[in-house]
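Step one of this worksheet: look at the structure below.
The values are calculated or read from the model by the stated rules, or taken from the named source; none is laboratory data. Remember, predicted model here, so these are calculated numbers, not experimental data. Ideal geometry is used to build each Cβ from the backbone, glycine not excepted, and the neighbour counts take in all protein chains shown. Only protein heavy atoms, including side chains, enter the accessible area calculation; ligands, DNA and RNA are left aside. Shrake-Rupley method; radii C 1.70, N 1.55, O 1.52, S 1.80 Å.
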Amino acid sequence: MTAGAFRDEELLASVILRRLGDVRHVAVGAASPIPAIAALLARHLGGGRPFVSLLSSERHNFFTDGGRELFDCGGQGRIDAFFLSGGQIDGEANINLVAIGDYAKPKVRFPGSFGSAYLYYVVPRVILFRLEHSRRTLVPRVDFISAPGTSPPGVYRPGGPIALITNRCVFAFDRRRARFSLESLHPGHGLEEVLDNTGFDFDRPEMVPTTPAPAPEHLVLMREIVAPLLAEAYPQFAASVFGAGAPATPIAGE
Amino acid sequence: MSAVLRDLDEALAIIADGAMVVVPPEYGGVAMEATRALVRRGITGLHLVTLPASSLQADLLIGAGSVTTIETSAVSLGEFGPAPRFGAAVTAGSLRVLDATCPAIHAALQAAEKGVPFMPLRGLIGSDLVKVRPDWRVIDNPFASGPFASGGDPIVLLPAIRPDVALFHAPMADRAGNVWIGRRRELATMAHAAAKTIVTVERIHDGDLLASEASAAGVLPALYVEAVAVAPRGAWPLPLAGEYQRDEAHLAEYAALAATADGFQRYLERFVFGRKAA
């Protein structure tokens with residue numbers, strides 16, 4: 001990569017880094033390598049803080065009480081930021097990780113809700129990301145609500161979404177109005193393109209800013225410090241994006 | 001051989017057709033050699049509970065026709081894509097899915113662990129999971145206070161999950177049947193909740209794992225363990241923490257073959273029926 005040039009993944013990680021803000025503990029799920037770049041970079045820049053839990057990592061995961069500790073930790077308010085995606089996401093930030101079509105006889109089955117139906121409620125800053133920004137994924141109404149974007153008064157809901165990051169743009173989410181607004185367009189992407197490819201209505205300012213490029217010093221750190229760490233938890237991703245090899249440990253079996 | 005140490009097929013004889021079996025996630029010590037042995041035996045009608053998600057193990061058992069019901073928060077091959085046999089079975093209507101969310105399965109097993117009938121869990125209100133899980137109940141928090149003192153504050157109650165068998169793979173056990181699980185404490189939860197626990201291990205530790213503080217803290221005591229069988233590389237092609245990593249090339253091959261029913265049969269012939277237990 002030449003100086004000044006950056007990969008899409010690096011741009012998205014820098015967006016997430018800015019969005020994280022001042023946090024004490026960031027947890028990252030098994031399917032979230034780009035948020036993991038942002039979290040590990042934040043930890044490096046902060047000299048070891050925030051705490052970062054990569055759930056698919058042995059090395060960057062300090063939990064010692066089994067798989068439940070993450071959720072118990074979140075339930076107590078000890079996780080400040082988490083990341084979720086969805087096979088479908090709608091304009092009220094409802095997410096669907098279960099199925100397309102009728103639940104009893106679906107057209108397409110997704111893996112399942114994972115921890116979303118809990119962490120979406122209790123983690124204060126949930127950042128949604130979906131790298132296929134299309135009318136297939138960003139829909140008027142999800143077919144199945146794995147977890148709702150907002151909850152009515154009287155329901156315990158200290159957490160929820162703050163933003164949706166796609167391959168084309170960044171949306172901010174207003175929980176009170178249960179509505180997205182277009183915050184910035186990534187370099188090379190336009191408003192008409194976003195309108196054409198988004199299945200839900202959203203607000204937008206008269207002039208939509210361009211998503212700022214990653215800081216050059218952050219790009220260096222992502223490539224030289226973060227990419228090798230990432231290879232342990234997300235070997236396929238690290239190899240395809242950064243060309244970083246998985247640790248050279250003998251492989252079992254035949 | 002002591003009563004607890006058995007050969008693999010003998011240990012697995014404890015799992016009857018139709019049993020409810022709880023298994024750990026990919027990173028937690030999956031008994032894959034035992035899973036292949038169960039498929040070779042032609043086990044059927046399993047009610048599989050994944051704590052909380054599963055990858056190759058669930059997909060393989062589903063593709064082989066061994067599973068009638070699965071309670072899970074997700075089945076996915078992770079970086080290798082969707083779980084193809086799971087997806088095919090659900091869209092064909094041949095698999096009953098009890099959709100859950102990760103902490104719900106942890107909590108329901110913790111209820112069984114404590115010997116109480118249910119466990120409450122936050123979140124979930126307004127999720128369609130509550131609609132498709134009629135066995136879950138919603139009540140108003142009887143201890144509501146603060147902003148909720150005047151009423152409301154609905155909360156979900158999850159019935160305890162009491163599996164017949166917990167099945168997992170660990171680095172080692174001693175001859176008394178004490179199993180070293182390290183920090184993978186969900187394996188203890190599974191064993192506490194299940195009526196019987198079957199463990200495959202890389203090796204037998206000559207000595208008493210409870211004798212030192214350093215090892216005892218990571219031990220599942222023999223009290224909970226029905227059978228231990230030695231199965232070297234028993235999690236392959238999945239990883240075992242501190243021992244070996246995922247076999248990336250094999251998982252890519254599985255994902256490619258299992259994309260079709262024919263390809264999956266070829267996988268079974270080559271890697272399950274053509275490969276004897278260690």
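Residues checked against (1) more than 14 Å from chain A (Cβ to nearest Cβ); (2) under 24 Å from B:G65 (Cα atoms); (3) open to solvent by 10 Å² or more (accessible area, probe 1.4 Å):
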residue: B:R183; (1), (2), (3): no, no, yes
residue: B:A188; (1), (2), (3): no, no, no
residue: B:H205; (1), (2), (3): yes, no, yes
residue: B:G218; (1), (2), (3): no, no, no
residue: B:V228; (1), (2), (3): yes, no, no
residue: B:P237; (1), (2), (3): no, yes, no
residue: B:Q245; (1), (2), (3): no, no, yes
residue: B:F273; (1), (2), (3): yes, yes, yes
Item to check | Criterion: closer than 14 Å to B:D128 by Cα and either in contact (Cβ under 8 Å) with a residue 12 or more places away in the chain or over 16 Å from the mean Cα position of the chain (by Cα) (or both) - qualifying residue of A:I127, A:I100 | outcome: A:I100
Checklist entry - Residues in the range B:6-20: is at least one within 15 Å of the chain's Cα centre (by Cα), farther than 23 Å from B:L220 by Cα and not in a helix (DSSP H, G or I)? => result no
Checklist entry - Quick one: how many residues across the range B:91-106 are part of a helix (DSSP H, G or I) and within 8 Å of chain A (Cβ to nearest Cβ)? => result 5
Item to check | In the range B:120-149, residue nearest to B:P232 (Cα to Cα) [restricted to those that are among the polar types (S, T, N, Q) and within 11 Å of another protein chain (Cβ to nearest Cβ)] | outcome: B:S127
Next on the checklist: Given the criteria open to solvent by 40 Å² or more (accessible area, probe 1.4 Å), in a loop (DSSP other than H, G, I, E, B) and within 9 Å of chain A (Cβ to nearest Cβ), does B:G152 qualify?
Outcome noted: no
Next on the checklist: Please count how many residues of the range B:236-266 are more than 23 Å from B:F168 (Cβ to Cβ), of a type outside the set (A, V, I, L, M, F, W, C) and assigned to a helix (DSSP H, G or I).
Outcome noted: 5
Item to check | Selection count, the range A:203-220, where residues are over 20 Å from the mean Cα position of the chain (by Cα) and assigned to a helix (DSSP H, G or I) | outcome: 3
Checklist outcome for this item: When every residue in the range B:56-90 that is in a helix (DSSP H, G or I) and under 16 Å from the mean Cα position of the chain (by Cα) is compared, the one nearest to A:A238 (Cα to Cα) is B:L56
Checklist outcome for this item: By residue number, the members of the range A:186-195 that are within 16 Å of A:I89 (Cα to Cα) and loosely packed, with under 14 Cβ neighbours inside 10 Å are A:L195
Item to check | Wholly within the range A:70-185, strands (runs of 3 or more DSSP E) carrying at least 3 residues that are within 19 Å of B:V132 (Cα to Cα) and open to solvent by 30 Å² or more (accessible area, probe 1.4 Å) | outcome: A:105-109
Checklist entry - Only one residue in B:S73, B:S55 is farther than 21 Å from B:P237 by Cβ, within 11 Å of chain A (Cβ to nearest Cβ) and among the small types (G, A, S). Which one? => result B:S73
Next on the checklist: Kindly evaluate B:E33 against the criterion of being assigned to a strand (DSSP E or B), of a type in the set (D, E) and either touching a Ser or Thr at 6+ places or on another chain (Cβ under 8 Å) or modelled with pLDDT under 95 (or both).
Outcome noted: no
Item to check | Yes/no for A:G67 being without any contact (Cβ under 8 Å) to a residue 24 or more places away in the chain, within 11 Å of another protein chain (Cβ to nearest Cβ) and open to solvent by 10 Å² or more (accessible area, probe 1.4 Å) | outcome: yes
Checklist outcome for this item: Note on the range B:155-176: residues open to solvent by less than 40 Å² (accessible area, probe 1.4 Å) and assigned to a loop (DSSP other than H, G, I, E, B) are B:A160, B:I161, B:P163
Next on the checklist: Is it the case, given these coordinates, that A:L54 is under 24 Å from B:S55 (Cα atoms), buried (at least 22 other Cβ atoms within 10 Å of the Cβ) and at pLDDT below 95?
Outcome noted: yes
